[in-house]
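Reading through the structure tokens given below for one structure.
Please treat every number below as a calculation from the coordinates, not as lab data. These numbers come from a predicted model, not from an experiment. We place every Cβ from the backbone using ideal geometry, glycine too, and count neighbours over all the protein chains shown.
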Ligand code: FPP
């Protein structure tokens with residue numbers, strides 16, 4: 001497909017939901033849903049990049065996901081760690097720059113290490129940005145942004161939206177244009193809440209492991225039809 005940057009959202013975010021239900025429907029353990037979900041993520045990353053998206057943010061593990069059973073948390077951490085270690089070629093072939101949003105300090109050291117390595121290894125790539133949200137919460141990011149502001153000596157008098165925006169995890173990533181949630185739930189679950197202020201929303205009933213390029217095309221087509229007014233009048 002020929003990318004058309006006028007109508008392709010620059011920043012797309014996906015809440016990849018439905019892995020557990022996908023597995024349950026097949027009588028499989030939840031871990032199989034996450035494994036399949038990772039394959040879907042790679043498929044969608046490749047297609048988003050081919051479609052001309054500049055940045056794709058993927059919600060891989062939230063600050064609330066620690067409440068899950070220990071086995072599931074360990075499985076997800078292992079899956080993410082192995083993926084980051086083994087998939088360098090996948091990112092390199094497509095020139096994808098990987099970055100991380102979230103609180104690194106509370107992640108297992110080995111996961112933290114892989115995140116820092118892949119960020120460093122891909123930092124010069126100029127293709128689509130793949131922003132992985134791991135131990136991420138929107139409120140937590142805002143709190144950490146305020147802390148950064150205060151640590152730099154910011155004063156209450158100068159506090160404004162720009163002071164928060166410029167202290168987020170990645171001030172260079174533009175606001176969210178299109179927010180997609182798969183799996184049938186209609187909520188934001190603390191996903192990029194600052195950046196999503198004017199995002200267009202697309203909800204899909206399809207469980208994440210069943211998502212294909214065709215579903216992303218549908219979401220992008222839907223976006224094209226939206227009239228974005230940012231609070232103004234056309
Ligand atoms: C939500 O489905 C999914 C997650 C909490 C994990 C998502 C992680 C991956 C797809 C793998 C990691 C991806 C990358 C790119 C490193 P759920 O378990 O809440 O499903 P349910 O609502 O059906 O139970």
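Odds and ends about this structure:
- Choice from 104, 132, 28 showing the highest fluctuation, given a GNM over the chain with Cα pairs closer than 10 Å: 28
- Selected from 69, 199, 163 as most flexible by GNM, with the chain as the system and alpha-carbon contacts under 10 Å: 69
- Rounded if a/c under 1.5, otherwise prolate or oblate - the stretch 22-115, Cα gyration tensor axes: oblate
- Going by neighbour counts of Cβ atoms within 10 Å, the residues 157, 169, 121 line up, fewest first, as 157, 121, 169.
- Here the simple spin-label model places points 7 Å from the Cα toward Cβ, and for residue 155 and residue 113 these points are separated by 4.6 nm.
- Over the residues of the chain, the helix contribution to mean residue ellipticity at 222 nm works out to -13000 deg cm²/dmol, using -39500 (n - 2.57) for each DSSP H run of at least 4.
- Using only alpha carbons, the stretch 83-163 has a radius of gyration to Kirkwood radius ratio (Rg to Rh) of 1.08.
- Neighbour counts of other Cβ atoms within 10 Å put 164, 180 in the fewest-to-most order 164, 180.
- Using R0 = 25 Å, the C-beta based FRET efficiency linking residue 43 and residue 233 works out to 0.05.
- As a proxy for reagent exposure, 191, 125 were ordered by neighbouring Cβ count within 10 angstrom, fewest first; the result is 125, 191.
- All Cα pairs of the chain, percent lying beyond 23 Å: 49 percent
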